[in-house]
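Worksheet for the structure shown next.
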Amino acid sequence: METRVIRVCWMYHNIMDLYGDKGNMMVLKNRCEQRNIQCQIETMEIGDDVDLTSYDLLFLGGGADKEQILLMDDLLKRKQEIAKAMEQGTFVVLICGGYQLFGQYYIAADGTKINGLKFFDYYTEASKNLQRCIGDIAISSKLDDLETIIVGFENHGGQTRNVDQPLGSVLSGFGNNMEDHMEGFYNGQVLATYMHGPLFPKNPKVADFVIYKCLHKQDPTFQFHDLVPLNDELERKARDVILRRLKISV
Ligand code: GLN
């Protein structure tokens, strides 16, 4: 059988990379390679000439307010291309600062208003007293038909509200804001979350789900269960440490 290939654009890799977000890319590549799937990861920086419509996956990690302000003009210039990519079925993974920028706006801790791409209705404002949501987090989530507990680490001041399709409900931690007990955003194509940690190493099912989505885009007959199972013993142990710490029994 022909080797399958996934093409990934790791957007602003040099400035949007907090708390090990780059581990997501390493894990994605590794889990593909173990299955003889080629995972071609290309990076994009401010001003780079890239065609965002040519990828199966766009990935944007988290960043501090300073980096978000720095890249926003460049990101806004790419809005039409990102919209076109999404129309073509490209899957999108956004972490924390990246998540915030796909919404209406983000009001940073110093009051600066950063206009978002406005793809979705949610918006983010720094918390009133500049308190931050910091710590381990676990949520109960349903990714299409895949029910799973996702664990991670969050550190954000931004409070995201008006999320019509949350990624999951919070079992422990904060999530989108300090009141709702909901976390992230997922609409079948865009998976956005406050969870660093990083996300894929501690949640191999989520990594596999993203691989499946990329392959399914190319070949609609490809199903999640078509992915060869891998030995996730170490990953399971890492998850268990967090779940035990959060006193969550599964
Ligand atoms: N600067 C944003 C906030 O504090 C995002 C931080 C992050 O990506 N961890 O809300």
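Numbers below:
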read-out: Count of segment 44-74 residues which are more than 30 Å from residue 110 (Cα to Cα) and in a strand (DSSP E or B); value: 1
read-out: Those strands (runs of 3 or more DSSP E) lying entirely in segment 131-250 with at least 1 residues more than 15 Å from the ligand (Cβ to nearest atom); value: 133-143, 146-156, 168-172, 190-193
read-out: First in segment 108-127 and over 18 Å from residue 62 (Cβ atoms), second anywhere and away from the ligand (no atom under 15 Å from the Cβ) and β-branched (Val, Ile, Thr), Cβ under 7 Å, 6 or more apart; value: none
read-out: Residue under evaluation residue 238, criteria (1) in contact with a strand residue (DSSP E or B) (Cβ under 7 Å, 6 or more places away or on another chain); (2) closer than 23 Å to residue 192 by Cα, criterion not met; value: (1)
read-out: Residue 174 vs. criteria over 28 Å from residue 223 (Cβ atoms) and in contact with a Cys (Cβ under 6 Å, 6 or more places away or on another chain); value: yes
read-out: Pairs where the first residue, in segment 17-41, is over 15 Å from residue 198 (Cβ atoms) and the second is in a strand (DSSP E or B), C-beta under 6 Å, 6+ apart; value: 32/39; 38/5; 39/6; 40/7
read-out: Residue satisfying all of: in segment 30-43; part of a helix (DSSP H, G or I) and surrounded by fewer than 19 Cβ atoms within 10 Å (Cβ to Cβ); farthest from the ligand (Cβ to nearest atom) among these; value: 33
read-out: Residue count, segment 203-244 (criterion: under 18 Å from residue 33 (Cα atoms) and either touching a helix residue (DSSP H, G or I) at 6+ places or on another chain (Cβ under 6 Å) or surrounded by 17 or more Cβ atoms within 10 Å (Cβ to Cβ) (or both)); value: 19
read-out: Residues being over 30 Å from residue 130 (Cβ atoms) and over 16 Å from the mean Cα position of the chain (by Cα) - total across segment 14-42; value: 12
read-out: Some residue of segment 168-182 being in contact with an Asp or Glu (Cβ under 9 Å, 6 or more places away or on another chain) and modelled with pLDDT under 95; value: no
read-out: Output for segment 113-129, where each listed residue is loosely packed, with under 14 Cβ neighbours inside 10 Å, modelled with pLDDT of 95 or more and more than 25 Å from residue 87 (Cβ to Cβ); value: 113
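The values are calculated or read from the model by the stated rules, or taken from the named source; none is laboratory data. Everything quoted here is computed from the prediction, not taken from an experiment. FYI the Cβ positions are ideal-geometry reconstructions off the backbone, even for glycines, and counts take in every protein chain you see.
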